[in-house]
Amino acid sequence: MPTRRQILVRAAGATALLTLHHSAFAAANPVQHATAITRVYGDGMRLVAVAIEYRDAISAATLDKNACRVADRNITNTYISDSPTGAPTASGRYLILELNPDDAAALLTVKKGRPANQKGDPAKNGPGKVGDKADSAPTLKPASAEISMGGDTLKTDSAINLVFDDFKQYEFADAATGKTVRYNLFTPKNMEAGKHYPLVLFMHDAGVTGNIVTAPLYQGNGAIAWATPEAQKDNPCFVLAPEYDEIIVDDSSTASNYLDATLNLIRELVKNHPIDDKRFYTTGQSGGGMMSIAMNIKYPDFFAASYLVACQWNPDLLTPAMKNLKWWITVSEDDSKAYPGETAITEKLASFGAKVARGQWNAQWTADEFQQAFTKMDAEHANINFVHFAKGSVFKSEAEANAGGASGHTATWKYAYNIAPIREWIFRQQKS
């Protein structure tokens, strides 16, 4: 039986062999690049993987994948692939290190926030007044990582931003309103000749107002969720995400001229792209949802359906012409403005004759639980569906629950766009 000293010597020898093995391998097949891979979640963009590219193909038999470490991150899975974002393969030129997206260092989105009102109470702090210029858009940390491999250290030298990179940036000068709309546009891949596709308009909240045109894409997944490969597989669509440089709606239920400028942009896009004008959809969180409501009031026949997240509006401004609108509303009971606000709006639409379905859901449910709850509500065949997350369920920790201010409001956004059956319901609607 080996002594403890013999065991330690053997272990040290194994470690030395591992280092030498990697060094020898690296000399014969050197690393070419290391690429950071990011993904956008409900609370922003996160660094989720590193792809290490070798000159020649590698396999599990020729490389010890466990020799890798990533500074300040936890590796959850390793595999070999034939592309930096590909599936596992028996051999390939890329070693993929998947990282825990919940690591403290994973989040790349840096929010600036808005100053509190004079009383210092962020819960009562509105977005400002319509037309106010603002620079509150979040920024991004560089997507980079440092990798240790045996005795070698390398750093990522490029980044691939999943889905985010598929959007293109443009400007539209609207002669009718004098507004210039800067926007992001996702175009479906492999479009069929002669076929027309839906368009989803996502409008950001007031906290993204500014001049960084891509901010609506990385601040959360309100735009990204519709453009992922999984979403596009069943519902290929265009996704439009404007970036506004001023407050577009305020708590007095007033909307800026960006309302018409944005709709004029959609009309212009229809002229140049195969977009189905019977399947325009609008969605937005907070201020973006408020603008969606304002658009529905002014032009009740423009959109086939709307997904309204954590927003409100003066119910007295709604009209009987809106009773047949197709709306899905998601709000949290912890939202001191939007929850009572949307409750009042729902009651107003019901008074006009709209058919309403209501449900209390839990933001922490699994995909199967969301599907079951959706199926139950959908069976009511309502045109207005009002879901409120149960009190406390939008918080994962006691610290989140005790954050105060508008935490219940903003926490809703982290979950609302992840619920696949709601997105499916939106796509089922179309204008006659």
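State whether one or more residues within segment 48-65 are β-branched (Val, Ile, Thr), open to solvent by 10 Å² or more (accessible area, probe 1.4 Å), outside any helix (DSSP H, G or I) and closer than 23 Å to Pro142 by Cα. Scanning segment 48-65, I find at least one residue that is β-branched (Val, Ile, Thr), open to solvent by 10 Å² or more (accessible area, probe 1.4 Å), outside any helix (DSSP H, G or I) and closer than 23 Å to Pro142 by Cα, so the answer is yes. Ala227 falls short on exactly one of the conditions (1) closer than 21 Å to Trp413 by Cα; (2) open to solvent by 10 Å² or more (accessible area, probe 1.4 Å); (3) in contact with a strand residue (DSSP E or B) (Cβ under 9 Å, 6 or more places away or on another chain), and that condition is (2).
Residues in segment 75-88 that are surrounded by 15 or more Cβ atoms within 10 Å (Cβ to Cβ) and either of a type in the set (D, E, K, R) or without any contact (Cβ under 8 Å) to a residue 60 or more places away in the chain (or both): how many? Here the count works out to 5. Checking segment 263-270 against the condition returns no match, with no residue being farther than 19 Å from Ala304 by Cβ and surrounded by 19 or more Cβ atoms within 10 Å (Cβ to Cβ).
Could you list, in sequence order, the residues of segment 330-385 that are closer than 25 Å to Ser397 by Cα, of a type outside the set (Gly, Ala, Ser) and touching a helix residue (DSSP H, G or I) at 6+ places or on another chain (Cβ under 6 Å)?
Hits for segment 330-385 are Thr330, Val331, Glu333, Asp334, Asp335, Trp361, Gln371.
Scan segment 414-424 and give yes if some residue there is open to solvent by 30 Å² or more (accessible area, probe 1.4 Å), at pLDDT below 95, small (Gly, Ala, Ser) and more than 21 Å from Ser336 (Cα to Cα), otherwise no. No, segment 414-424 has no match at all.
Here's the yes/no breakdown for (1) in a helix (DSSP H, G or I); (2) open to solvent by less than 70 Å² (accessible area, probe 1.4 Å):
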position	(1), (2)
Gln312	no, yes
Asp316	yes, no
Trp328	no, yes
Ala354	no, yes
Phe370	yes, yes
Phe374	yes, yes
Ala399	yes, no
Thr412	yes, yes
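Would you confirm, using the coordinates I've provided, whether Pro84 is closer than 26 Å to Ser336 by Cβ and either modelled with pLDDT under 95 or touching a strand residue (DSSP E or B) at 6+ places or on another chain (Cβ under 6 Å) (or both)? So Pro84 fails the test.
Close Cβ contacts (under 6 Å, 6 or more residues apart or on different chains) running from residues in segment 218-232 that are touching a residue at least 60 places away in the same chain (Cβ under 8 Å) and under 18 Å from Pro421 (Cβ atoms) to residues that are among the polar types (S, T, N, Q) and open to solvent by less than 10 Å² (accessible area, probe 1.4 Å) comprise Gly222/Gln285. When the test is whether a residue is open to solvent by less than 10 Å² (accessible area, probe 1.4 Å) and over 23 Å from Gln429 (Cβ atoms), Tyr281 does not pass it. Of all residues in segment 272-285, at least one satisfies being of a type in the set (Gly, Ala, Ser) and touching a His at 6+ places or on another chain (Cβ under 8 Å). The combined condition, being in a strand (DSSP E or B) and either at pLDDT below 95 or surrounded by 22 or more Cβ atoms within 10 Å (Cβ to Cβ) (or both), is not fulfilled by Leu217. Selection of strands (runs of 3 or more DSSP E) fully inside segment 137-207 by the criterion of at least 2 residues being exposed (fewer than 13 other Cβ atoms within 10 Å of the Cβ) returns 152-155, 167-173.
The values are calculated or read from the model by the stated rules, or taken from the named source; none is laboratory data. This structure is a prediction, so every number in the text was calculated from the model and none was measured. Cβ: placed from backbone, ideal geometry, glycine included. Neighbour counts: every protein chain shown. The area values use the complete protein model at the heavy-atom level, side chains included, leaving out ligands, DNA and RNA. Shrake-Rupley method; radii C 1.70, N 1.55, O 1.52, S 1.80 Å.
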